[in-house]
Amino acid sequence: MATAPTGTGRSNQKQRTRTAIVDAARELIGAGSEVTMPEIARAALVSEATAYRYFPDLPSLIGEALAGVWPDPVDALAPVADSRDPVERIAFACEFLLRGILARQGGVRAMMAATIVRPDMESMRPGIRFGLIDHALAPLSATLGVTDPDAFVQLKRSLAVVVGADALFTLTDQVGLTPDEAVASAVRTAKTLTEAAVRTATEV
C-alpha cells in the first residue's frame, strides 16, 4: 500500500518540475528577456541538466511555452468576426500576429535561430500564421476558392511570406524600421495582396 503514494508523489513532483520549467520559459519570453536553456533553468530554480531531462533541446521547450500563450484563430479574430471583408480581416490578423511576435520576440528569435542551424526542427515552430490566414480569408473560400482555387492557394502562400516573424525582423533588423513602422508596412502589403485577390474574384 505504501508503494502507490510514493509513485504518485514522484509523478506529481515530475509534473510540477516540468510545469515550473515551462512557466519560467513563458515568463522570460513575455518579459522580452534572453531565452536560453541556462536562463530558463535558473528562473525555474532547477539545474540546466534537469531542464534538459524534461526537454531535449531549446526549440521543444520554447514550442511548448509559445503554444500555450496564443489563442486559437477564432478567438484571435473575434473583433472582426462579423466582417465579411477579407481585406479588413487579414489586416487585423497580420497586426495581431506581429504585435504578438514583438511581445514574445526573445522566444521567437531563439526558436528561429535554433531551427536555422537545425532545419530538422523546423516543424517545432508553432506556425500560428497559417491558422490566422486561413480564418481571415474564410469569406473568400466560397468565391475565389471556387472560381480559381490555385489563385486562392497562392494568396495564402504569399501572405505566409508577409505575415510572420521572418518578414517582421527583416524590416526591423535589416531595413531599420521601428517596430510600429514594420508592422504598418507588413499590414499594407498583406492588404495589397488580398485586395488584388478580391478584384480577381470579382472579375471572374
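The values are calculated or read from the model by the stated rules, or taken from the named source; none is laboratory data. Note that this is a predicted model, so its numbers are computed, not measured. Positions of Cβ are generated from backbone atoms using ideal geometry, with glycine treated the same way; all protein chains shown enter the neighbour counts. Accessible surface areas use protein heavy atoms only, side chains included; no ligands, DNA or RNA. Shrake-Rupley method; radii C 1.70, N 1.55, O 1.52, S 1.80 Å.
In this structure, is P38 open to solvent by 70 Å² or more (accessible area, probe 1.4 Å) and without any contact (Cβ under 8 Å) to a residue 24 or more places away in the chain? Criteria not met by P38. With respect to being open to solvent by 70 Å² or more (accessible area, probe 1.4 Å), without any contact (Cβ under 8 Å) to a residue 12 or more places away in the chain and within 30 Å of A196 (Cβ to Cβ), D72 falls outside the description.
Do you know which residues across the stretch 72-110 are over 21 Å from A182 (Cβ atoms), out of contact with any Phe, Trp or Tyr (no Cβ under 9 Å at 6 or more places or on another chain) and of a type in the set (A, V, I, L, M)? V74, A78, A81 - these are the residues of the stretch 72-110 that are over 21 Å from A182 (Cβ atoms), out of contact with any Phe, Trp or Tyr (no Cβ under 9 Å at 6 or more places or on another chain) and of a type in the set (A, V, I, L, M).
Taking first residues from the stretch 175-204 that are in contact (Cβ under 8 Å) with a residue 24 or more places away in the chain and partners that are part of a loop (DSSP other than H, G, I, E, B), the Cβ contacts under 6 Å between residues at least 6 apart in sequence or on separate chains come to A190/V163; A201/T143. If you go through the stretch 163-179 and keep only what is in a helix (DSSP H, G or I) and within 18 Å of I133 (Cβ to Cβ), you end up with A165, D166, A167, L168. Just so you know, in the stretch 95-117 the residues that are closer than 17 Å to V162 by Cβ and in contact with a Lys or Arg (Cβ under 8 Å, 6 or more places away or on another chain) include one that is least open to solvent (accessible area, probe 1.4 Å), and it is L97. Take the residues in the stretch 1-27 that are open to solvent by 40 Å² or more (accessible area, probe 1.4 Å) and of a type in the set (V, I, T), then tell me which one is modelled with the highest pLDDT. Per the criteria, the residue is T19. Sub-7 Å Cβ pairs linking a first residue in the stretch 136-157 that is open to solvent by 50 Å² or more (accessible area, probe 1.4 Å) to a second residue that is of a type outside the set (D, E) and in a helix (DSSP H, G or I), at least 6 apart or interchain, are T143/A201; T147/A201; D148/T200; K156/I133, ordered by first then second residue.
Across the stretch 71-123, the qualifying residues are those that are modelled with pLDDT of 85 or more and among the acidic types (D, E), and the one among them that is nearest to E34 (Cα to Cα) is E95. Residues of the stretch 180-187 include at least one that is at pLDDT 95 or above, assigned to a helix (DSSP H, G or I) and among the hydroxyl-bearing types (S, T, Y).
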